[in-house]
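Structure, as structure tokens:
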Amino acid sequence: MRILRGSRTLLTATALSGALYTHQRFNFNSADNLADNDLRHLPPTQLFRGWLVYSLCSSPALIDAAPELIHYASHIPGIWQITKLIVKRTFFAQFTGGESPEEYTRVIDSLRQHTQGVILNYSAEASDISPSQSYDAMLQAADDSLKKNIEGVEACGAFERRLRDINDKRAGQTYVAVKPSGLIPDPYVLERATLALNELHGWNNLKPAQMPVDAVSDQDMQLVLGKTQTNSTTISQNDLKQLSGLYGRMRSICGCAYDNGVKILIDAEYAKFQPAIDVMFTLLAEEYNYDRKENISQTVQPVVYNTIQCSLRRSHDFVKASLQRAHDKGYSLGFKIVRGAYVDHENSRWEKFNGEGPSPVWGSKEETSKCFDNVAAYLVEQLASSSGGSLGVLFASHNNSSAFKVLELLLHHRLATRKPDGKVDPAPRIRDQVAFGQLYGMADKLSSELTQSLSDGPPMVFKYLPFAKLEYALPYLLRRASENKGVLMGSGGDELPPAILERMKLGYELRRRFLLR
């Protein structure tokens, strides 16, 4: 107990020293620069934790070295237990909802107190497939992932029902994000399926697998379901069996979501996996994105959403083609729009395989941002069209400019009005069709500003909330740290990197509480 008290005292002293340092290091002589009212309700322990985490996140070198440091620590008895305790009390607590339904439901309730919803995600990941793993072990992992995803869907459904039963005005909608590669024993089956799809279209000379612009075809779906004979040498009968198993698991999750009034977001993956995932999404959308009682889709909101990575050159054209197919086939369509997190990986892979022409991803952050804004503008136009009632969009961005552009577009297309108090008041149907998303533990200022910019009602701002046991979530935490290093460290120039600015705000609040009051 003395050790714990001593640790807390040391942490307090360290945080206060850091707060004083940041105040002196950057010449902020006005409280207006760093004061953040949203931090005033946080307990000191949460402020200390946030300050420590963002201090560590301010170092790109440390982020890059983290996987190797964790790997070495995991092989040293005693040290590994201490490492896990530190990670659980810091990064795990900052960026996840915990390990169990009881833990993440408390976080869901806490966020709803501030009119924010969640995108729940079972974040257990394998860092890679080990040659020593048996197929049975990998199959068991996929089945365990299915069980956890369904558990999350049911917990979210129960939470919303509880609010509706007491006529709580905070009742709204909840999303569950699903990663397909975690629901199949060998995720590289998705890569081989993508190659087979390319062969089907006569694109077998592309290395690595390029991504078609056209929407998914009926022929594509027959191949993924194993209902078409193929002479492809890239995909085996066992692969087709695994794809069928993945489809069955995804159907189980979507069926549970439909029954519980929960929406499913299918997360994006590497380009070499994505075409096969797009086919899987289309199969699920055709089954679940319509009113199964009335057999109509034009006024029903989608249950299943696909993720569009705007870092990919084909994104805008693919969205248009997907909307046309949905219109022709008579089902509603849901999109989660993101900038994308695999840019460096995709460029390296393209160079490694000597791909012809430009890489599948844009060459700069500016081009990616332009694509995101163009896709967002196009989708808001579609929401305002006569067929807009069957479209749902979640704009997932940590970029202030992009997020608030969407609000301006809603006003421009008369999908929302400006109230006398300055708040944006979306039309009733738009509250069900439009949402904004940021990662839990990051971009909290943006989430709060968006929430405060909207009129009272069910949440339209959602935090992506991972959950899993610590040892299963570690690969996820390391991947997210690497992927979001650009977000944390900014794009250079005169502006402070977000991680440093967040650290400074937390430091200022600590200084205000303990030294200025």
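Spin-label model, THR228 to GLN452: label points 7 Å out along the Cα-to-beta-carbon direction sit 5.3 nm apart.
Return the loop-located chymotrypsin sites (Phe, Trp or Tyr not before Pro) in segment 315-384 (DSSP other than H, G, I, E, B) with at most 14 other Cβ atoms within 10 Å of their own Cβ; answer none if there are none. Those that pass, being in a loop and sparsely packed, are PHE353.
Model label points for ASP165 and ASN238, set 7 angstrom from Cα along the Cα-to-Cβ axis, are 4.8 nm apart. Projecting the Cα atoms of PRO360, SER448, ASN400 onto the dipole axis of segment 317-454, where Lys and Arg carry +1 and Asp and Glu carry -1 at the beta carbon, places SER448 farthest toward the positive end. Full extension of the chain between HIS75 and GLN140 yields a length gain of 20.9 nm, computed as 0.36 nm times the residue separation minus the alpha carbon distance.
Our estimate of slack between GLN46 and THR90, defined as 0.36 nm per intervening residue step minus the Cα-Cα distance, is 14.9 nm. A crude spin-label estimate for the pair ILE82 and LYS370, with each label 7 Å from Cα along the Cβ direction, gives 5.2 nm. In terms of its alpha-carbon gyration tensor, segment 55-101 comes out oblate; a/c meets the 1.5 threshold, while b/c is at least as large as a/b. Karplus-based coupling profile of segment 144-160, in residue order and whole Hz: 5, 5, 4, 4, 5, 5, 5, 4, x, 4, 5, 5, 5, x, 5, 4, 5, with θ = phi - 60° in 6.51 cos²θ - 1.76 cosθ + 1.60 and x standing for Gly or Pro. Counting lysine pairs in segment 377-487 that sit 8 or more residues apart in sequence, or on different chains, and whose Cα atoms lie under 22 Å apart gives 9. You can think of it this way: the chain between GLU102 and LEU515 has 145.0 nm of extra reach, that is 0.36 nm per residue less the Cα-Cα gap.
Any read-out appearing in this document is the output of simple, stated calculations on the displayed coordinates, not a laboratory observation. Just so you know, these numbers come straight off a predicted model, no measurement behind them. Quick reminder, even Gly has a Cβ in these numbers, built from the backbone with ideal geometry, and neighbours come from all protein chains shown.
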